[in-house]
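Here the structure comes first, spelled out in structure tokens, and everything after it is commentary.
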Amino acid sequence: MKIIIHGGFFSESETNQETKKAKQEALSAIIGKSYTYLNTHTALETVVYAVSLLEDDPLFNAGLGSQIQSDGQLRLSASLMDGKSQKFSGLINIQNVRNPIQVSEKLLAYDDRVLSGEGALNFARQQGFDFFDPIIPQRQQEYEHKLAQSSRIGTVGCVALDANGDLAAATSTGGKGFEIPCRVSDSATVAGNFANEFAGISCTGVGEDIVSAALAAKIVTRVTDGFSLKNACDKSFEELKVFDGFAGVIGISATGEIYHTDSHPYMVWASFDGSLQVFN
Ligand code: ASP
């Protein structure tokens, strides 16, 4: 059993020791709880559990405390992929729910598995998800001062390998911050989140770069075709350089290889495979 999570990148203006310590502590606590959960649950159930905890923590740009779009509305995107059944589900720009990753989990059982905006919200309400406003005062202030544009507070994601050898990946985001309303994030696409029986990947960074590179799907395909996870990631990151792409990934392969890499410093991550590792 193995698990790795990320909390996106943090803003270069935020790289003070206090923020770093708070993120290290939060990720250490969440990875510990999630590994315990993985002992008695599948990879799919565990990635939903881990990403829900990350969504509930306002230190990260997903769920509660997410960044606000340029029209003052907060819209969330999340997706989930079960490596075993190879089914993907995703929500694009859903409003007023607490845990979009849990709505994504419900959607996995349906034929129509990627929903956006109002349709996504209607589905969530039908499934019993109550009204929840994820805006916190700090994000509102940043929005009012138009600072969100320059801040990078971190999408979240998780990849897990369970006791049966099955993989799953989940990713959740509040987006870039101050973007054109209804801009589509990579996090709810196969570029930002992908898994099959060979590997699982969750991405963070500039969504447009991640989509241009088809990053998660490309890395997983390379592992499927025989690359090690490290080589698949490293080759894909070489290709990002062509257009100076900004991205970070976490991943696990079915052989138990666990890896993370980024094109720029300050991605925050933690992993557990019997021993805890946290970004430094
Ligand atoms: N990838 C996210 C997006 O572009 C943002 C992030 O990862 O920080 O919406």
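Just a few scattered comments:
- Of all residues making up the range 192-214, the number that are touching a residue at least 40 places away in the same chain (Cβ under 8 Å), near the ligand (Cβ under 7 Å from one of its atoms) and of a type outside the set (A, V, I, L, M): 4
- Test: residue in the range 97-111 that is on the phi > 0 side of the Ramachandran plot and not aromatic (Phe, Trp, Tyr): no
- Note on the range 16-34: among residues that are modelled with pLDDT of 95 or more and hydroxyl-bearing (Ser, Thr, Tyr), the one that is farthest from residue 84 (Cα to Cα) is 28.
- Restricting the first member to the range 35-47 and to residues that are over 17 Å from residue 81 (Cβ atoms), and the second to residues that are in a helix (DSSP H, G or I) and not β-branched (Val, Ile, Thr), the beta-carbon pairs closer than 6 Å and six or more apart or on different chains are 37/49.
- Test result for residue 36, more than 18 Å from the chain's Cα centre (by Cα) and either farther than 21 Å from residue 275 by Cβ or of a type outside the set (Lys, Arg) (or both): yes
- Count - residues of the range 155-185 that are closer than 17 Å to residue 257 by Cβ and at pLDDT below 95: 0
- Lone unmet requirement of (1) touching a helix residue (DSSP H, G or I) at 6+ places or on another chain (Cβ under 6 Å); (2) more than 10 Å from the ligand (Cβ to nearest atom); (3) at pLDDT 95 or above for residue 230: (1)
The values are calculated or read from the model by the stated rules, or taken from the named source; none is laboratory data. No experiment lies behind these values; they were computed from the predicted model shown. Note that we place each Cβ from the backbone using ideal geometry, even for glycine, and neighbour counts take in every protein chain shown.
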